[in-house]
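Take a look at the structure set out below.
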Amino acid sequence: LSVGRWGAGPSGTSTSGLIAGGGDSSGDSAVTEEWNVNFPVGAWATSGSMSTVRIHVRGTGTQTASLAVGGELPPGARTGQTESYNGTAWGELNDLNTARYGPGATGTTSAGLAFGGNADPNSDVTETWNGVSWSDVNDMNNVKSDMVSVGTQTSSLAAGGSGSPREVDYTELWNGTNWTEVNDLNTARLAIRGAGTTAAALAFGGETPVEANSAKTESWNGTNWANENPLNSAVVTHGGS
């Protein structure tokens, strides 16, 4: 990345990605960077900054149509702020009904989902986005934040994260109406990230119960988690899309 940071909101794909916000060496940031795997080889380029500086923001969507949801404003206030990115600039939209940082976020700029997050304390609240406003729907079975979140507004997966009391391994699936508990991660971790779909997902990095940064990677086949080759670096509060 051009700017090293933590707690930023990622979205997009491995060939056309986006990351925004987060904390860097000078404090909290609104910097946005786009990833282009072809020009030049493996390059990040800065783009239009977010409207509001924040950390623990979560992103969903594509490089040219992305949502940034929730977060923590300096000096520590939770926010429900929602912004959309059009490939060039960010615009402010209607806020979440429940202000929080580190929620799960999935879906698109016209059909999104936000769930969990730290609302002081951790939350199980789920909201759907219709392109204009957020609506409260059925809650998660477990309170947690800083988790793996992948999928769509009608089919999402939430795994691991910070729960009660700390690192959790819970995995839940959303079917568009309700959350259902399914098989847990093999290793409980908070500040974990992931990628994929409800049928084929990855969970990587995070902080383990012994408070050590982890490089552990697990794959999800729609039913169970399996251990895979680890990341090259042990990381927490990173990005993944």
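Please work out which residue is least open to solvent (accessible area, probe 1.4 Å), limiting yourself to region 35-61 and to residues that are closer than 26 Å to V236 by Cβ and either touching a His at 6+ places or on another chain (Cβ under 6 Å) or of a type in the set (S, T, N, Q) (or both). Among them, the one singled out is T60.
The one condition from (1) open to solvent by 60 Å² or more (accessible area, probe 1.4 Å); (2) closer than 15 Å to A105 by Cβ; (3) not hydrophobic (A, V, I, L, M, F, W, C) that N141 does not meet is (2). For G76, the criteria (1) buried (at least 16 other Cβ atoms within 10 Å of the Cβ); (2) closer than 30 Å to E172 by Cα hold in every case but one, which is (1).
For region 190-213, filtering for residues that are part of a strand (DSSP E or B) and surrounded by fewer than 22 Cβ atoms within 10 Å (Cβ to Cβ) leaves 4.
Please determine whether any residue of region 167-189 is under 19 Å from R58 (Cβ atoms), open to solvent by less than 50 Å² (accessible area, probe 1.4 Å) and of a type in the set (F, W, Y). Checked region 167-189: at least one residue is under 19 Å from R58 (Cβ atoms), open to solvent by less than 50 Å² (accessible area, probe 1.4 Å) and of a type in the set (F, W, Y).
The strands (runs of 3 or more DSSP E) located wholly in region 1-116 that include 3 or more residues which are of a type in the set (S, T, Y) and farther than 16 Å from S145 by Cβ occupy 77-85.
Can you name the number of the only condition in (1) part of a strand (DSSP E or B); (2) in contact (Cβ under 8 Å) with a residue 40 or more places away in the chain that D136 fails? Every listed condition holds for D136 apart from (2). Just to be sure before I move on: is V150 outside any loop (DSSP other than H, G, I, E, B) and among the β-branched types (V, I, T) in the structure I sent? Answer is yes for this residue. Beta carbons closer than 8 Å, at least 6 apart along the sequence or on distinct chains, pair a first residue in region 203-228 that is touching a residue at least 24 places away in the same chain (Cβ under 8 Å) with a second that is open to solvent by 30 Å² or more (accessible area, probe 1.4 Å) and basic (K, R) for F204/K216; G205/K216; G206/K216; T208/K216; P209/R166; N227/K216.
Output the residues belonging to region 192-241 that are among the small types (G, A, S) and touching a Pro at 6+ places or on another chain (Cβ under 7 Å). Hits for region 192-241 are A215, G239, G240, S241. Within region 10-34, the set of residues being closer than 12 Å to Q63 by Cα and either open to solvent by less than 50 Å² (accessible area, probe 1.4 Å) or aromatic (F, W, Y) (or both) comprises P10, S11, G12, S16, G17, L18, I19, A20, T32, E33, E34.
Flag set for E218, criterion: open to solvent by less than 50 Å² (accessible area, probe 1.4 Å), charged (D, E, K, R), over 21 Å from A114 (Cα atoms) and assigned to a strand (DSSP E or B).
The values are calculated or read from the model by the stated rules, or taken from the named source; none is laboratory data. Note that this is a predicted model, so its numbers are computed, not measured. Don't worry about glycine lacking a Cβ; one is built from the backbone with ideal geometry, like all the others, and counts go over all protein chains shown. Note: accessible area is taken over every heavy atom of the protein model, side chains too, but ligands, DNA and RNA are not part of it. Shrake-Rupley method; radii C 1.70, N 1.55, O 1.52, S 1.80 Å.
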